[in-house]
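Asks: Have a look at the structure that comes next, please.
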Amino acid sequence: MLVVAIALSLATGAVAPAARAATSKAAWDPRVAAIAKDVERLRGLKFERPVPAAFLSDAAFDKKVAISQRKLSADDKAQIERAAAQLRAAGLLADDIDLREAMSSLQTAYVLAYYDPKTKRVTVRGTQLDPATEVTLAHELTHALQDQHFDLEKLQRAASRSHSSDALKALVEGDAVRVQQMYTAGLPADERARYDAASRSSSDTARAEARASSVPDSLLAFVQSSYLLGPLMLQVARAVNGEHAIDRLFRDPPTNDSAYLTPTRLVDGTKVRAVAPPKLARGERVEGKPDVFGAFALYLILASRSDPVPALAVADGWAGDSMVTFRRNGRTCVRASFAGRTNDASNAIGDALGHWAEQGSPGAADVERHGRLSTLTACDPGASGVPSHDGSMAALIVADVRNTLLATLTEQGVGIAPAQCTANGVVRDPAVRPLVDATVADPNATPDPALLASVRQRVVAIAAECASRNSVR
């Protein structure tokens, strides 16, 4: 994973009290007890103990979640600065964006509640128990249930060691979103309508605040990927591997982010290659430890300088990588070696990275090939860099459309191969692109009925072609 995930995780560390809270034996807060019962039923697990909940005013909550400079340690600041330089090198962050301020703006704009595995407590924005707060509590109580049964801190430590924090986040958030959606569906019609209206309003407000604070789409895409793609990953796993597939994933979590970008990876037996960290040349000084660039970050950088549909096909072919960060001539650089699933996939990654490097600032990036490995070296261009088109949200929506269709077809009993063929064929189809573009422009807008009807016709036709093709095999 590009270390933006590590930087983003500082948000939780910055607001959490240092000391671990003692295990509470108190009874449930009456405002929370009924929601907890529903979460138990929907998730299929029982709470081992009550979960304390704090309801805060907007001002008090914002103070909790904001990432102020004084809350950060010297190591925290160094990690954020390194993450910013990495993102600039990858063309995903402009030189004039302060990453800490952007992260803090994301926290205050989008976070409605959080569960802290250290204190075992849920903290909620708002003091009124309206439908929106109920649904938010259902999400956060799912995290508490995960923690009580699977030990989130232990999972987070293991994921940090194996460079799989993004994949774990998709699992944890995907599960909570799944329960949240089931809880919402079970609300009385009037309460569900109130929740939907409040959700659209808060989403519009959060997006406006993020734009006003110059939060780049790349950060929004990194943050939102777990909430959009994580539930679809779990839907595929559950459809193929049965009722207890999600619990099994918590016991043996996915180890790379291709699990949520390309969720067939969880069920088709695809193995990720171990790739040795690329070597440094004389005069290059390593910063930090070797890491993983990741399939999702690869997808975002390719989509920043090309169409997201072919970029997604290239990223689907990812089979492993290794990345080092280093300093050269006063600039921070990243070097990542990528492997593909097949020779063709490896060649596609190399070609796409070569095109990406050519479209950037002169001399800022280059690509070398050694057998099935393609090695990208990219340096922070600073203020002289050529701005990339930030197509991150369009890229995320393309992946969301593709994976939603894949998950739906798989759940309907369509085999993995024809479901994958259909989903990929649909996002490549020109009839679907206007729907994607409209969603990028306004995620809360109601799609045009005529456009939806056209898309449905194409889905049926493409599904028939894929079924016929796979039956011949």
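Rule-based calculations on the coordinates, nothing more; no lab input. Every value quoted in this text rests on a predicted model; they were computed, and no experiment measured them. Note that we place each Cβ from the backbone using ideal geometry, even for glycine, and neighbour counts take in every protein chain shown.
Asks: Per 0.36 nm of contour for each residue apart, how much would the distance between K71 and S213 grow if the chain were fully extended, relative to their Cα-Cα spacing?
Replies: Here the answer is 49.1 nm.
Asks: Using a Förster distance of 25 Å, how high is the FRET efficiency between R433 and V460, based on the Cβ-Cβ distance and rounded to 0.05?
Replies: Rounded to the nearest 0.05, the efficiency is 0.90.
Asks: A follow-up question, please. Label R282 and A193 with points 7 Å out from Cα along Cα→Cβ: what is the distance between them in nm?
Replies: Taking the two extended label points, one gets 7.6 nm.
Asks: Calculated from DSSP H runs of 4 or more alone, at -39500 (n - 2.57) each and per residue, what is the 222 nm mean residue ellipticity of the chain, nearest 500?
Replies: Rounded to the nearest 500, it is -19000 deg cm²/dmol.
Asks: Which residue, A467, V440, Q412, has the largest displacement toward the positive end of the dipole of the stretch 392-472 when charges sit on each Cβ (Lys, Arg +1; Asp, Glu -1)?
Replies: A467
Asks: Within the chain, which complete DSSP H helices have Cα atoms spanning at least 15 Å along the helix axis and a mean Kyte-Doolittle hydropathy of -1.0 or higher?
Replies: Sorted by number, the helices that extend far enough and score high enough are 4-15, 30-43, 74-89, 99-110, 131-150, 165-185, 217-241, 343-359, 392-411, 416-428, 449-472.
Asks: Could you work out the relative contact order of the chain, using alpha carbon pairs under 8 angstrom and six or more residues apart, expressed as a whole percent?
Replies: 15 percent
Asks: Here is a further query. Calculate the dipole size of the chain relative to its Cα centre from +1 charges on Lys and Arg beta carbons and -1 charges on Asp and Glu beta carbons; express the result in debye to the nearest 20.
Replies: Here the size comes out at about 1280 debye.
Asks: Efficiency by 1/(1 + (r/R0)^6): what FRET value for E40 and S201, r their Cβ-Cβ distance, R0 = 35 Å, to the nearest 0.05?
Replies: For E40 and S201, the calculated efficiency is 0.70.
Asks: A follow-up question, please. For the stretch 285-345 and the stretch 363-383, what is the separation of their Cα centres, given in Å?
Replies: Taking the Cα centre of the stretch 363-383 as reference, the centre of the stretch 285-345 is 9 Å away.
Asks: Measure out, as a whole number of angstrom, how far apart the alpha-carbon centroids of the stretch 418-469 and the stretch 90-128 sit.
Replies: The distance from the Cα centre of the stretch 418-469 to that of the stretch 90-128 comes to 33 Å.
Asks: For the chain, which span is the longest to avoid every loop-located (per DSSP) member of GluC sites (Glu not before Pro) having at most 16 other Cβ atoms inside 10 Å?
Replies: 49-242
Asks: Using a 10 Å cut-off around each Cβ, can you sort K64, K279, K71 from fewest to most neighbouring Cβ atoms?
Replies: K279, K71, K64
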